[in-house]
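Q: One structure, pasted below without further comment.
The values are calculated or read from the model by the stated rules, or taken from the named source; none is laboratory data. Keep in mind the model is a prediction, meaning the values are calculated, not measured. Please note: Cβ atoms are built from the backbone with ideal geometry, for glycine as well, and neighbour counts cover all protein chains shown. These accessible areas exclude ligands, DNA and RNA; they are computed on the full protein's heavy atoms, side chains included. Shrake-Rupley method; radii C 1.70, N 1.55, O 1.52, S 1.80 Å.
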Amino acid sequence: MKNGPVTIKDIARELNISASTVSRALADNPLVKKETKIAVKELARKYSYKPNYTALSLRSSKTSTIGIIVPQLVHEFFSSVIRGIEDHAYSNGYNVIICSTNELYEREVIDANALLSGKVDGLLACISRNTGNFDHLKAFQERGIPLVFYDCICDEIDTHKVVIDDKNAGYVATNHLIDQGCKKIAYIGGPANLFINRDRFEGYRKAITDAGLEFGGDCIVHCDSGDYNDGFEATAEILEQCEIDGIFACTDMLAVGAIKKLKSQRIRVPEDVAVVGFSNWSISSLYEPSITTIDQPGYEMGRQATEMLINQINDPGNRKFKICTLQSSLIVRESSNRLTSNH
Amino acid sequence: MAIDKKSTITIKDIAGELGISASTVSRALANSPLVKPETREAVQALAKKYNFQPNYTALSLRSNQTKTIGVIIPQIVHNFFSLVIRGIEDYSYSQGYSVIVSSSQEIYEREVMDSRTLLAGRVDGLLACISKETGNYDHLNEFVDRNIPLVLFDRAPEKVNATKVVIDDFQAAYLATSHLIEKECRKISYIGGPENLNIYKRRFEGFKAALKDQNVAFHPEIVVHCESEDFDECVDATAKVTGSTFDGLFATTDIMAIAAIKNIKKKGWKIPEDVAVIGFSNWPISSIYEPSVSTIDQPGYEMGRRSAQLLIEQIKDKENISIKKDILPVELIERESSKRA
């Protein structure tokens, strides 16, 4: 056994896992398997592991801090992004402070100023859908404070960016329904002016066209919100106008509403109509039937953005900026799995 | 005017050298957008040159505000806490304050670091919910000592003398249990959370008290305390109780209620006819699930709003801070899972 205090790296080496896994296990991150968490905590207790906080406040008397601007906190996707940021930041010696804007441009400006005044060492930003002017963010670059955009990015500012390919995700979701034998696939979307909705719809359209299927205007509905009631109403409308055998709903909540409507008319899911949602909110695994969905790499987005930011903080002269595009993955569940459902 | 580098520089000295007011210097150091960039740069250059250190006590007494409120919270990725934050934000922004949030992830040392970061960020006030590990409160008392207003919410330890906004977990559990008894339940299963957390201890006490007061027997064989709030773990834990029969079930989170319901359905029992079920917290899933789950609504948003309101009152009138304890009412929401004729 080595001399001196035990570090995260020592525990990682002993268990043959990565240092970030050890860090996450100690922070009770739900993504870490239970057995791993138990093993890590057991070792930490056995060796009286204490986090090394002097490492965290290196040269300056102030702890290094990363600021985050996020549109929403009451939101499963953004909260997973934040978790990814926090884990990576903390295991690299950075504290994290967060401002959420509730999609309001004015709040975003106030928040940006607050973080600038708070003297953060770097900024991670996802802009609100209402932000058109970016002076409040350019101010960071002007002061030599690195910033990285994630998800909703700003084209005017040259820096690192991390995005998700929503168009491909829409394509994959729709193709899955086609693979299950669906020929008449309806689309239920959120407000048509939002980028994400537009991209997912583009993916849907391309999949339909590539498979040589038709799609008609009456089996496409855009809702005002992503609420499950909207999904219910949209499905009612669609059922009156078309014969369908599949539905791609652009969020899991809309998918829940759609399935509720189908159930109320004794239409079997997935046998008569197969359904796919999007985002992998916890409702999608708990609902009955469990809902096939697209899992977006929120945690990975947070982690990746933070890594790029920390690299920038450590090497401010490096102006080789990248746009990192992440892919989502399909999670097949009961609502579209015709191959294993009973007839 | 030459200034000796070794002496302690004040805001007044910098103001004098640049021929501007002390408040302008203060604002410039706080990066206020109200100050012209050239002025800001000049002030900050001088401050750096003379190694100026802000005097925090002086700053707070002079009510030189940043118009920012700091929040320390155990988790952000959490239905209840994210609502509390929203309540804090909506109220604070409406009063002209921005909100900076830091999470401790239930780790005491992180909470201490967070508090130092917020102190260094010169927040005008702090709202805090302590981590489950926190037993020493010096880092919070630092704010009190510097006359920076502090309001605690949800978990509010006795040892800190500050205003608190909480709910009465004992009373809430008593209410939920009484609801089941009112629905004719006479053998009630209890699914609790980690026993080391005070909220779950109090809910368990409330459950037992309601049974006792209404002469319903307590059955320890159908009581389970889950080690975490994770869904899969709760499914395993609740599977244990379905070995016995019971006619009512009180789960101390909605996720636990749904985990239990899945096990109950596997046994072929009907809800609410065979077993009436009530959960706790009113997460969105409780109204969406089938059967919709009765629950206790915890006023998360209201807790945030009220905490921010009390804090801003204190910020505006620091000389007259009175310590308060607000206990927010909870609401019983009856849904399909306990709707018996």
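Q: Residue by residue through region A:243-263, note down the ones that are open to solvent by 10 Å² or more (accessible area, probe 1.4 Å) and either away from chain B (no Cβ under 14 Å) or at positive phi (or both).
A: Quick first cut of region A:243-263, residues open to solvent by 10 Å² or more (accessible area, probe 1.4 Å) only: A:243-245, A:251, A:253, A:260-261, A:263.
The answer is A:Glu243, A:Ile244, A:Asp245.
Q: Next question, about the same structure. Here is a check on your reading of the model: is B:Ala217 farther than 21 Å from B:Ser337 by Cα and either out of contact with any Lys or Arg (no Cβ under 6 Å at 6 or more places or on another chain) or in a strand (DSSP E or B) (or both)?
A: yes
Q: Shifting gears a bit: In region A:117-147, what count of residues is obtained for those that are within 13 Å of chain B (Cβ to nearest Cβ) and open to solvent by 10 Å² or more (accessible area, probe 1.4 Å)? Before you say what the answer is, go through the steps one by one.
A: Step one: list which residues in region A:117-147 are within 13 Å of chain B (Cβ to nearest Cβ), which gives A:117-121, A:123, A:135-136, A:138-140, A:142-145.
After this cut, where a residue has to be open to solvent by 10 Å² or more (accessible area, probe 1.4 Å) as well, the list is A:117-119, A:121, A:135-136, A:138-139, A:142-145.
Residues meeting the conditions: 12.
Q: Being in contact with a Ser or Thr (Cβ under 9 Å, 6 or more places away or on another chain) and in a loop (DSSP other than H, G, I, E, B) is the filter here, so list the residues in region B:131-153 that pass it.
A: B:Ser131, B:Glu133, B:Thr134, B:Arg146, B:Asn147, B:Ile148, B:Pro149, listed by residue number.
Q: Specify the residue that is modelled with the lowest pLDDT; the eligible residues are those in region B:56-83 that are assigned to a helix (DSSP H, G or I) and facing chain A (nearest Cβ under 10 Å).
A: The selected residue is B:Asn79.
Q: Can I ask one more? Within the set of pairs 6+ apart or on separate chains, which have a first residue in region A:109-129 that is modelled with pLDDT of 90 or more, a second that is among the acidic types (Asp, Glu), and C-beta atoms under 6 Å apart?
A: A:Cys126/A:Asp151
Q: Something else about it: Give region B:122-175 a look and list any residue that's under 24 Å from A:Asp28 (Cα atoms) and aromatic (Phe, Trp, Tyr), or say none.
A: B:Tyr137, B:Phe153
Condition check ((1) surrounded by 21 or more Cβ atoms within 10 Å (Cβ to Cβ); (2) aliphatic (A, V, I, L, M); (3) more than 16 Å from the chain's Cα centre (by Cα)) across all residues:
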site	(1), (2), (3)
B:Arg86	no, no, no
B:Tyr91	yes, no, no
B:Ser98	yes, no, yes
B:Glu109	no, no, yes
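Q: In addition: Hand me the list of helices (runs of 4 or more DSSP H) wholly inside region A:5-64 holding 2 or more residues that are at pLDDT 70 or above and exposed (fewer than 15 other Cβ atoms within 10 Å of the Cβ).
A: A:8-15, A:34-46
Q: Please go through region A:288-302 and pick out each residue that is open to solvent by 30 Å² or more (accessible area, probe 1.4 Å) and either hydroxyl-bearing (Ser, Thr, Tyr) or under 11 Å from the mean Cα position of the chain (by Cα) (or both).
A: A:Asp295, A:Tyr299, A:Glu300
Q: Another question about this same structure. Just to be sure I understand the filter: pairs with C-beta atoms under 9 Å, separated by 6 or more residues or on different chains, first member in region A:278-289 and within 11 Å of another protein chain (Cβ to nearest Cβ) and within 15 Å of A:Ala173 (Cβ to Cβ), second member open to solvent by 10 Å² or more (accessible area, probe 1.4 Å) and basic (Lys, Arg). Which pairs pass?
A: Listed by first residue and then by second, the contacts come to A:Ser284/A:Arg333.
Q: Taking the condition outside any helix (DSSP H, G or I), in contact with a Ser or Thr (Cβ under 8 Å, 6 or more places away or on another chain) and of a type outside the set (Ser, Thr, Tyr), does B:Leu126 pass?
A: When the stated conditions are applied, B:Leu126 passes them.
Q: Filter region B:305-331 down to the residues that are in contact (Cβ under 8 Å) with a residue 12 or more places away in the chain, open to solvent by 30 Å² or more (accessible area, probe 1.4 Å) and over 21 Å from B:Pro157 (Cα atoms), then identify the one that is farthest from the chain's Cα centre (by Cα).
A: Here the residue is B:Lys318.
Q: If you check A:Leu137, A:Leu147, which single one turns out to be in contact with a Phe, Trp or Tyr (Cβ under 7 Å, 6 or more places away or on another chain) and either over 20 Å from B:Asp90 (Cβ atoms) or assigned by TED's automatic domain parsing to the domain that holds A:Ser23 (or both)?
A: A:Leu147
Q: Within region B:203-220, is there a residue that is in contact (Cβ under 8 Å) with a residue 60 or more places away in the chain, out of contact with any Pro (no Cβ under 9 Å at 6 or more places or on another chain) and within 25 Å of B:Ile167 (Cα to Cα)? If you could, list the steps in order and put the result at the bottom.
A: Restricting attention to region B:203-220, the residues satisfying the condition of being in contact (Cβ under 8 Å) with a residue 60 or more places away in the chain are B:203.
Still in the running and out of contact with any Pro (no Cβ under 9 Å at 6 or more places or on another chain): B:203.
Imposing the further condition that a residue be within 25 Å of B:Ile167 (Cα to Cα) reduces the set to B:203.
Among the residues of region B:203-220, at least one is in contact (Cβ under 8 Å) with a residue 60 or more places away in the chain, out of contact with any Pro (no Cβ under 9 Å at 6 or more places or on another chain) and within 25 Å of B:Ile167 (Cα to Cα), which makes the answer yes.
Q: Can you tell me which residues in region B:118-139 are open to solvent by 10 Å² or more (accessible area, probe 1.4 Å) and at the interface with another protein chain (Cβ under 8 Å from one of its Cβ atoms)?
A: B:Ala120, B:Gly121, B:Arg122
Q: So, one more: Determine if region B:3-12 includes at least one residue that is modelled with pLDDT of 80 or more and either open to solvent by less than 70 Å² (accessible area, probe 1.4 Å) or away from chain A (no Cβ under 14 Å) (or both).
A: Within region B:3-12, the first condition is being modelled with pLDDT of 80 or more, and the residues that meet it are B:11-12.
Checking which are either open to solvent by less than 70 Å² (accessible area, probe 1.4 Å) or away from chain A (no Cβ under 14 Å) (or both) leaves us with B:11-12.
Yes: region B:3-12 contains one or more residues that are modelled with pLDDT of 80 or more and either open to solvent by less than 70 Å² (accessible area, probe 1.4 Å) or away from chain A (no Cβ under 14 Å) (or both).
Q: Of all residues in region A:284-306 being outside any helix (DSSP H, G or I) and among the β-branched types (Val, Ile, Thr), which is farthest from B:Ser287 (Cα to Cα)?
A: Result: A:Ile294.
Q: I'd like the full set of residues that are assigned to a strand (DSSP E or B) and open to solvent by 10 Å² or more (accessible area, probe 1.4 Å), limited to region B:249-304.
A: Listed by number, the list holds a single entry, B:Asp297.
Q: Restricting attention to region A:264-283, and to residues there that are outside any loop (DSSP other than H, G, I, E, B) and modelled with pLDDT under 95, which single residue is surrounded by the fewest Cβ atoms within 10 Å (Cβ to Cβ)? Before you say what the answer is, go through the steps one by one.
A: Filtering region A:264-283 for residues outside any loop (DSSP other than H, G, I, E, B) gives A:264, A:274-276, A:282-283.
Of the ones still in play, those that are also modelled with pLDDT under 95 are A:282-283.
On the way: A:Ser282: 15, A:Ile283: 23.
By that ranking, first place goes to A:Ser282.
Q: Additional query: Can you work out which of the residues in region B:240-258 that are more than 17 Å from B:His179 (Cβ to Cβ) and modelled with pLDDT under 95 is nearest to the other protein chains (Cβ to nearest Cβ)?
A: B:Ile255
Q: While we're looking at this one, here's another question. Find the residue count for region A:65-76, including only residues that are out of contact with any strand residue (DSSP E or B) (no Cβ under 6 Å at 6 or more places or on another chain) and modelled with pLDDT of 90 or more.
A: Counting residues in region A:65-76 that are out of contact with any strand residue (DSSP E or B) (no Cβ under 6 Å at 6 or more places or on another chain) and modelled with pLDDT of 90 or more gives 1.
Q: Please work out which residue is surrounded by the fewest Cβ atoms within 10 Å (Cβ to Cβ), limiting yourself to region A:201-241 and to residues that are of a type in the set (Asp, Glu) and assigned to a helix (DSSP H, G or I).
A: So the first thing to find is which residues in region A:201-241 are of a type in the set (Asp, Glu), and the list is A:202, A:210, A:214, A:218, A:224, A:227, A:230, A:233, A:237, A:240.
Subsequent filtering for residues that are assigned to a helix (DSSP H, G or I) retains A:202, A:210, A:218, A:230, A:233, A:237, A:240.
Details: A:Glu202: 15, A:Asp210: 12, A:Asp218: 12, A:Asp230: 23, A:Glu233: 18, A:Glu237: 15, A:Glu240: 8.
Among them, the one singled out is A:Glu240.
Q: Just a yes or no: is a residue in region A:177-200 open to solvent by less than 10 Å² (accessible area, probe 1.4 Å) and free of Cβ contacts under 8 Å to residues at least 40 places away in the same chain?
A: no
Residues are listed down the side, and each one gets a yes or a no for (1) closer than 21 Å to B:Thr295 by Cα; (2) without any contact (Cβ under 8 Å) to a residue 60 or more places away in the chain; (3) open to solvent by less than 10 Å² (accessible area, probe 1.4 Å); (4) away from chain A (no Cβ under 14 Å):
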{"residue": "B:Arg116", "(1), (2), (3), (4)": "no, yes, no, no"}
{"residue": "B:Asn147", "(1), (2), (3), (4)": "no, no, no, yes"}
{"residue": "B:Glu158", "(1), (2), (3), (4)": "no, yes, no, yes"}
{"residue": "B:Asn161", "(1), (2), (3), (4)": "no, no, no, yes"}
